[in-house]
Structure formats: C-alpha cells, structure tokens
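Participant: Structure in structure tokens, see below.
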Amino acid sequence: MTPEALHRTHLTALVTGEVDTAARLRHQFQAKDHGIAAEHLRAAVAVVLEYRFGPGAGLGAGLIDYNRLGEFMTELRQAGRGTVPPPDHLAVEAVTRALYGEPHLAEPLSEQRRSQAHYSALAHELARHPWLKANPEHLVHYARKRMTTWILGRPED
Amino acid sequence: MDYTESTALFRAHAAARLTGDTTEAARLAAQISDEQRMSHLLFTLTLFTQFVVEELGYEPDPTDLAALTKRLHDKHFRPDRPFEALRAEAMIRAVTAESVLLTEIPHTEQAAYMWAVIDDLADPKLTEADLDELFDLVEEAREDLLGRALDSPELNSPKREPAAPVQTAPVQTEPVQTEPAQGDPDPATPAEEGTDA
C-alpha cells in the first residue's frame, strides 16, 4: 500500500468506526506516519465540526459561538457518563476551540491526548450524521483537501 | 492543629503570596501538613471564588475569559512546562456556572491553576487591611460555597464536627483532653450530656 493509500484507508476506518482495522493499519506506520495520521484526523474533525460551528475551521475562522460550544460539551458529557476511565472532555473543548481561533489551547496537549480528543469529537458528530459515516469517502475527500490547504497555505489548483 | 489555627496558617500563607513575599509563602506552605491539604484546597477555592466574582462577576463573558486564558497561556506555557491554560479557565467557570468542571481537573493541579488566575486578577498593592477584609469575606463565603458550588450539605459545616472521643465514653469521666477537638466551641458539653444517661 502506498503511504497515501495507507492514510486514506486509516482515516476511512476511523470514520466508519472500525477501530480494530485502524489499529492494524497503524502497525504498518513508520515513525513519521503517526503525525501525518493525526493531521488527517484533525482535518476530518475540522470538516465535520463546520456542520455545527460554521465554516473556516482551522482556516482562520473567528472565535467559536460559546453557546453552541456549551451545547456540544453538554451532549458529550451526557454521552460519556459512566465511561471508565472518564473521557477527557476539556481536551475535546481545547481541540475544538483550537480550530476556531484559539490554537494555543491545544498546544499543551500531547499528540496522543490531542488525537484522542479529535477522535471523540469525530465519533460524536458522526453519530449525529449517519450519512457521513455510511459514505466515508466524502469526508475523507474533504479532509484531504483541508490538509492540502494547510500544507500549501491555499486550496489545491 | 485545630480549625482556627489552620485558618490562621492558611491566611498567613495566602497573605504572603498575595503580597509577593515568596520566601515567607514557601516557609508557610511547608507547614501545611498532608492532613490539611483538602481543607487548604477548599480555603484556596473560596479565596479564588472571591477574586473571580469580584473581578469577573457570577457570569463571566466567554470572550473575556478567552482573552484571559490566552494571556495565561502566553505567560506560563513552555514546552517543558505543560501549563494548560484551559484548566485555569475551567477553574473560573467551575466556581461560577459550570461546577461539573471541578470534577474534571486533577485536584493536585487545582491550587496552581487558581493561583495563576489570582496572580492575574489581584491588585499587587493590597494592604494589610484589604487582606483582613478579604479573608473575613472568604471565611464567611466558605460555608456558602460548599453548599452552593459543591451542592453537598454534608460538607457544609466543618465547624460542627462532633468530638468523637468524648462521645464514646458513656460513664462520667473527667474530660482529660486539654486540647479542644477540632473547631469544637465547647469540648465539655458532650461529656456533660453523657452524665444524664
């Protein structure tokens, strides 16, 4: 599998919720792939959060609407009640706000905590959008476009 | 150390911190025993609440909070010093509108985040009279806070802890204890009740 296909397949597995497949694919990762996969995930989260918080996530959007953020966090806390160990909700808030004008909030988080928080946000939002989950290629496509924009500083020609 | 002595130590420590006397603050911090940690954390929480409510109100504006959080991040975060500014912000929200957050920040980190906020909010030129007034308010607010923010009436009255050792003695004995039990206003009373039985 080419590195590109590997990352596409890995993100697809995360979107469809096939965590075992994703874990198996990570065995094929080289050192640098973990960071690349984390960026793919962050891009997918940016795309999916725009349905909720408006356009421009990770692309210069202004501050998030804190009332809508509050609703999001309340939903997450209700969904995560009783989970052991307890989910890191503040990390989810940090990565969410980081995409909306407060990038410094994610800075102190390790890559692992950050990715876990991204995954929690993604899984939660996909549960509300069954179509996106059932058609992962859509989200994967837009996530990769988002990454290209991050890397080039502009959309692909 | 009884309740009054503990409170005096906590006040002295906080006064040293607020006036920037770091040597004295460190000396007093070393006197706070492991057994007093939780009590001290609650004292600090009340002091912190006082500053938050005074400076930011009961419903801080999220945009103002975001600016404060950025300021704290810039001031304290270093790659080798993982200061999570959002946890400092969450402490503020915990004592105003979102008490659930108090359960999501490790207790071992709470005091440090509260002090980071206090240092940002407090007037560096507090006089002794200001401090006395502040601490009196803190003590008044302590019970109220326990009831309201933690919503836990059982924790509400640290002053009325029963003098357990005396109560377990049903027969009349001279109360041998010379030290009053923690915070008990009158250690002799339970023993006198015992004589009626």
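Participant: Taking the range A:128-157 as the region of interest, how many residues are on the phi < 0 side of the Ramachandran plot and open to solvent by less than 80 Å² (accessible area, probe 1.4 Å)?
Facilitator: The qualifying residues number 15.
Participant: So which residues in the range B:5-25 are within 17 Å of residue B:125 (Cα to Cα) and either among the hydrophobic types (A, V, I, L, M, F, W, C) or touching an Asp or Glu at 6+ places or on another chain (Cβ under 6 Å) (or both), if there are any at all?
Facilitator: Listed by number, the residues that qualify are B:12, B:14, B:15, B:16, B:18, B:25.
Participant: Let me ask something additional. Which residue pairs have Cβ atoms under 7 Å apart, sit 6 or more places apart or on different chains, and have a first residue in the range B:71-87 that is within 16 Å of residue B:110 (Cα to Cα) and within 10 Å of chain A (Cβ to nearest Cβ) and a second that is open to solvent by less than 100 Å² (accessible area, probe 1.4 Å) and β-branched (Val, Ile, Thr)?
Facilitator: Cβ pairs passing all conditions: B:85/B:69; B:86/B:69; B:87/B:105.
Participant: Any chance you could count how many residues in the range A:9-47 are outside any helix (DSSP H, G or I) and among the acidic types (Asp, Glu)?
Facilitator: Of the residues in the range A:9-47, 1 are outside any helix (DSSP H, G or I) and among the acidic types (Asp, Glu).
Participant: Just to be sure I understand, how many residues within the range A:48-72 are part of a helix (DSSP H, G or I), more than 9 Å from every other protein chain (Cβ to nearest Cβ) and of a type outside the set (Ser, Thr, Tyr)?
Facilitator: Total meeting the criteria: 8.
Participant: Which one of the conditions (1) within 29 Å of residue B:97 (Cβ to Cβ); (2) more than 9 Å from every other protein chain (Cβ to nearest Cβ); (3) open to solvent by 60 Å² or more (accessible area, probe 1.4 Å); (4) in a helix (DSSP H, G or I) does residue A:83 fail to meet, given that it meets all the rest?
Facilitator: Among (1) within 29 Å of residue B:97 (Cβ to Cβ); (2) more than 9 Å from every other protein chain (Cβ to nearest Cβ); (3) open to solvent by 60 Å² or more (accessible area, probe 1.4 Å); (4) in a helix (DSSP H, G or I), the lone unmet condition for residue A:83 is (4).
Participant: Please state which one of B:64, B:34 is of a type outside the set (Val, Ile, Thr), open to solvent by 60 Å² or more (accessible area, probe 1.4 Å) and closer than 24 Å to residue A:100 by Cβ.
Facilitator: B:64
Participant: Every residue in the range A:38-79 that is open to solvent by 50 Å² or more (accessible area, probe 1.4 Å) and among the aliphatic types (A, V, I, L, M), please.
Facilitator: A:59, A:63, A:79
Participant: Contact list please: Cβ distance under 7 Å, first residue in the range A:44-55 and in contact (Cβ under 8 Å) with a residue 60 or more places away in the chain, second residue open to solvent by less than 20 Å² (accessible area, probe 1.4 Å) and among the polar types (S, T, N, Q), pairs at least six apart or on different chains.
Facilitator: Short answer, once both residue conditions are applied: A:49/A:96.
Participant: Ok, one more. If only one of B:95, B:53, B:100 is open to solvent by 40 Å² or more (accessible area, probe 1.4 Å), aliphatic (A, V, I, L, M) and within 30 Å of residue A:104 (Cβ to Cβ), which one is it?
Facilitator: B:100
Participant: Inside the range B:7-34, can you point out the residues that are polar (S, T, N, Q), out of contact with any Phe, Trp or Tyr (no Cβ under 8 Å at 6 or more places or on another chain), assigned to a helix (DSSP H, G or I) and in contact (Cβ under 8 Å) with a residue 12 or more places away in the chain?
Facilitator: B:31
Participant: Scan the range B:35-60 and report the pairs whose first residue is part of a helix (DSSP H, G or I) and whose second residue is of a type in the set (S, T, N, Q), with Cβ atoms within less than 7 Å and a gap of 6+ or a chain change.
Facilitator: These pairs meet every condition: B:36/B:6; B:39/B:6; B:41/B:110; B:52/B:96.
Participant: Restricting the search to the range A:25-62, which residues are hydrophobic (A, V, I, L, M, F, W, C), out of contact with any His (no Cβ under 9 Å at 6 or more places or on another chain) and within 20 Å of residue A:153 (Cα to Cα)?
Facilitator: Residues satisfying the conditions are A:43, A:46, A:47, A:57, A:59, A:61.
Participant: Count, please, the residues in the range B:90-99 that happen to be at the interface with chain A (Cβ under 9 Å from one of its Cβ atoms) and in contact with a helix residue (DSSP H, G or I) (Cβ under 7 Å, 6 or more places away or on another chain).
Facilitator: Residues meeting the conditions: 1.
Participant: Please work out which residue is nearest to residue B:96 (Cα to Cα), limiting yourself to the range B:58-70 and to residues that are facing another protein chain (nearest Cβ under 7 Å) and not hydrophobic (A, V, I, L, M, F, W, C).
Facilitator: Taking the candidates together, the pick is B:62.
Participant: Tally up the residues in the range B:97-141 that are within 15 Å of the chain's Cα centre (by Cα) and of a type in the set (Ser, Thr, Tyr), please.
Facilitator: The qualifying residues number 2.
The values are calculated or read from the model by the stated rules, or taken from the named source; none is laboratory data. All figures in this text were calculated on a predicted structure; none of them were measured in a lab. Because the Cβ atoms are built from the backbone with ideal geometry, glycine has one as well, and the counts that use them run over all protein chains shown. Heavy atoms of the whole protein, side chains included, go into the accessibility calculation; ligands, DNA and RNA do not. Shrake-Rupley method; radii C 1.70, N 1.55, O 1.52, S 1.80 Å.
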